[in-house]
Each structure stands twice: as structure tokens, then as C-alpha cells.
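Worksheet: the structure to be examined is printed underneath.
Please treat every number below as a calculation from the coordinates, not as lab data. Fair warning: this is a prediction, and the values are worked out from it, not measured in the lab.
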Amino acid sequence: MTNIACVFIVLAVMSCGLAPASAENLRIAVSTPALAKGHPFDPYAGGSIVSALYDGLTQISLNGEVTPALALSWSTNSNTEWVFKLRPGVVFHNGKSVSAKSVVDILNFVASPDARRFWVAQQLSTIKSARVIDASTLSITTHQPDPLLPRRMSIVRIADLDEWNRAGEAAYKEAPVGSGPYRVVSWGPNATDIRLAAFKQSWRKHKDITSIEMRVIPDGARRVQSLLSGEVDLSVNLDPDSIMDIEGAGLQVVTTPNPIVISIALRTIDAKDSPLVDAMVRRALNHAIDKNVIANQILQDLMQVASQGATPGAVGYDPEIAPYTYDPDKARKMLAEAGYPNGFDMTIGVWAGQVPGDTLIFQQVAQDLSRVGVRVKLRVLPFPDFSRRLQAGDWQGIDAFSLNWSSRIMNDAQPALESFSCHSVWTPFFCDAEVAQAIDSARYDMDPTARTQKLQRAMRLAVASAPSIFLINYADIVAMRRDINGYEVRSDGILFEKMSVGQSLDRRQ
């Protein structure tokens, strides 16, 4: 059978095997471009791309453990001083050695006024200074005790700061210099056709994959089709309703829990006349949503109903917290007691396409709320507008908006709790003084057990205060050819270097 005939049969009946993937080149379909390209300090640089280009001092495994990366070990000299010992023999893509000075230069830059506009600097605001002890050892001093520091070190991308200073920010992100297992070859127009090549001197040794092509295909159905036709070898961010077709074609589907809780944020700041200012109203909205319909029908049992703003495995997750029950009668009664027997009008701003199936989720939320008298208008916000509003706190005309609780980067509940509190790194949209005080009590506690208990208490208070409608614990859905092995993810992306290509035992002929 010819290859062309095989492609047509795959698309028509989805039953034909695909030719083996190249042992050298991995082709991936992704949903969004890397807006900041190879920028080491910008959160809108591509996640899996940046994790392939750079190393942090530490890394967070999918089960939430802090593990060595550039740093082999770390310890405390006091509550405000940490000492990190580096891995020997690591080099940047340009051949320069990665030394304690390389790391200290980055940390002191991030702590400087010049870097305050960067997201990474906001996350590392606890750092006062860093200094070199010897060629492979450095010390980090914090303003206050910071039990999160080893986790924070997973988001510091150790770039060649000399090259950053020489090239300038704009040119550097086009040709970034890190120490990761891959380096940039080209970005393509608007970062929509990204090509990476293996960096053979990386300490993270790769197996088979020596080059990677990332093709940006925003449409989910088109990403599936590109996989079925053999145009790509792996496709990410897939809708649950595509799984049957993919598995029917003899391809493998991997669902990986992601430390993200899909939610609708409820705005109370600069909204004194809004019904949402009343905690009883916010709790009523949580009781109004049938989350089991979302989890079981829309998401086809691939994701779980959320009980709180953290997922199992995250530090601070409390297994004793139960999800809000679906009880529309109770919701209507609570709304009446709060003074809204006839409901009210509410505009929800949504950034559609953030996660698979979210458009259907938002429609289900609006439908369920209408059943208890809350008349919802869904307003789609393009990402640039959404991002601007979030940063500036400009929610004029919008009562609530889609916003996820995310423990993805550090697998710790503190940043997520802060985002939905008076302590948000963005302009706060919600503030409960008791929750903020509980977060503060955990913030500087260096005892892991005591800190976890304090975070759990803060989470219980947050759930009772209901700064959001808690919906679903998210999971990543990825599909690939059956002859691809070793697929593994961690908090910041896919570990391409661990993937290999080999004959699958159950490949269809």
C-alpha cells in the first residue's frame, strides 16, 4: 500500500498504521505560539521550549518533589541564608562554563530594579542578594525567611547574562543561550514554526531525539488531523471528544494530572454595589453549578471535580475539604436570603481556548446559573485584553472572569492562594482579611509540617470565603504515535531528552 493511500484511509476510517517516526526528528503540534520566544524571564515564553533551553537550580517533579538540577544540594545557614552547591562541568550553548558567578549574576539581576517588570522577578521578590562562595558554591540571602526558596529556584532560568547584556533583550530572546538539552535553530514567522536542535554537551543527555519541530496549530481538530495523517508525531492540548478517534487509529493517548484548578474568579474590589461582595452569594453560585456534568460528560471522566484551589499532591492541599455540593434549591434559597430572590445580571469575561473544552465548560456554568435566576452574559476576551485587565485590575463592565488556580510551577498552594487574595502579584480583585492573615502565618514558617498545616487552614478559609467558583482539576491530554516511548512531563513542560523511538509491540499493521 502506498503512503498516500495509507493517509487517505487513516483520515477516512482511522484504522491504518503510520510509518515509524524518525529517530532523529520529533514533530509536535502545539496550540499557541511562544509569544516571548526564548525570553528567560517572561512567563509567556513557551513552557516546554523554555524548559528545553534552560536549566533552573532545582526542578519540581510531577509528584511535587523538589529535585536537583543545576544545584546538586542546598542547605540553610540561617532562616534567611541558603547555600547551593552546583553540578560540575555544565556549559552554556556557547561553550562557556556555568559557574557560581553565572548564577549569582542572574539572581542579582533579577533582584535589581531593572528586572522588576519581569514575572520571574515578582516571584523572587524575597531575594535580597546572592554572592559567590567558590566556583561551584553560592549563597542566597532573603529579606525574610522563605521556605519556598528551593521551589522558587526551579523557575529561575540560568541564562548567559553576559550575552543578554551584549545582545540586548530583543535580540537575546531570538537567539537565547542557556544550558538545556536543546538550542534554538529558528522560530519561523511569529514563532509558529519552531525548530530546536540537541545540545550534545548538556548534562541532561538526550536519547533518540536530536531535533524538534513545533508547529503552532490553534484549531484542536486540525491538531488531531495532523497527527492522524502523519504530519506530526505528537499533539498536545487535545479535546476529550477526540480521544476515541485517536485511539481508534492505533495511536496512544496520555492523560497527565496538571496542578491547575479551572475556576471563575469573583470580583469584589471596586465593586461595592455588586451582589458578589456578599459571601453568601458567592457560596450560592458554587452550589448552583453541576460540576459532575462538566467532569463526566463534557470532559468524559478524564478530570475530577475541584474541591479547593489546589490539586492532590500540592503542598497545602487539604484532602478533608469536600467539593461544594450541587444543590440548586439551596442556591436559590441562599440568594433569596442575601436579598436577591429574583437573581441578578452578571457578566463573565472568559479567555476561551486556554484549556481544552473550556468553551463548553463556560456555557454549562452560564446555563446552570440561569436555573437559579442569575442571568449570565459571557464576554469573550482576547488574550492581550485579558492579560492587560488582569495586570491593571481593569475589570470595568465585568463582574467575574475565568482564572485558574495554579500550583503548576512550584506545586505549592501559596502562590495560588495569594493570586486570589489581597496579596496578588497582579492588581488584587478580591480581598478577605482573614484569608490574607492565614497566608501570612504560613509565608515565613520554615517548619515544613507546620507550614503545610497553616496553608491547609488558609485553603479552608479561602473555600469558605469563595473568591471563585471552583470547577475542575485540570489534566493535560496528549496523543502520539505508538512507537514513541519515554514521554515524561514535569511542572514546566515535556522532557524531550527522555523520549525515544522504537518498535511498539502492539502497533497496527
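Amide H to amide H, with H built 1.01 Å from N, Thr347 comes under 5 Å of Lys377, Asp399, Ala400, counting only residues 5 or more places away or on other chains.
Do the alpha carbons of any pairs in Lys200/Lys498; Lys101/Lys128; Lys101/Lys200; Lys85/Lys173 sit beyond 20 Å of each other, and which pairs?
Correct reply: Lys101/Lys200; Lys85/Lys173.
Could you tell me what % of all Cα pairs in the range 235-382 have separations over 20 Å? More than 20 Å apart: 55 percent of the Cα pairs in the range 235-382. For the range 190-275, the percent of C-alpha pairs falling in each 10 Å distance bin, counted from 0 to the bin holding the largest distance, reads 12, 29, 29, 16, 10, 4, 0. For the range 148-194, the convex hull spanned by the alpha carbon atoms encloses 112 Å³ per residue. The fraction of Cα-Cα pairs per 10 angstrom bin, counted from 0 for the range 416-509, comes to 13, 28, 21, 16, 15, 6, 0 percent, rounded to whole percents.
Taking the three principal axes of the alpha carbon atoms in the range 172-215, the coordinate ranges are 30, 23, 9 Å, sorted in descending order. Give me the log10 of I(q) over I(0) for the range 257-475 at q = 0.12, 0.16 Å⁻¹, as the Debye formula computes it from C-alpha points; what are the numbers? Rounded to two decimals, the profile gives -0.59, -1.09. Computed over the range 55-165, the alpha-carbon pair-distance distribution with 5 angstrom bins reads 2, 13, 24, 27, 21, 11, 3, 0, each value a whole percent. Over the chain, DSSP H runs of length four or greater, each weighted -39,500 (n - 2.57), average out per residue to a 222 nm ellipticity of -8000 deg cm²/dmol. For a straight C-alpha distance cut-off of 16 angstrom, the lysines reachable from Lys291 (same-chain residues fewer than eight places away being disregarded) are Lys330. Scalar couplings 3J(HN,Hα) for the range 336-351, obtained by applying the Karplus form with A = 6.51, B = -1.76, C = 1.60 to θ = phi - 60°, are 5, 5, 7, x, 10, x, 9, x, 6, 8, 8, 9, 10, x, 10, 9 Hz; x denotes Gly and Pro. Looking at the chain alone, DSSP beta bridges between its own residues are antiparallel in about 75 percent of cases. Given 37 °C and 0.692 mPa s, how large is the Stokes-Einstein diffusion coefficient of the range 102-191 in µm²/s, with Rh as the Kirkwood radius over Cα pairs? It diffuses with D of about 227 µm²/s by this estimate.
For the range 257-475, DSSP calls about 55 percent of its internal beta bridges antiparallel.
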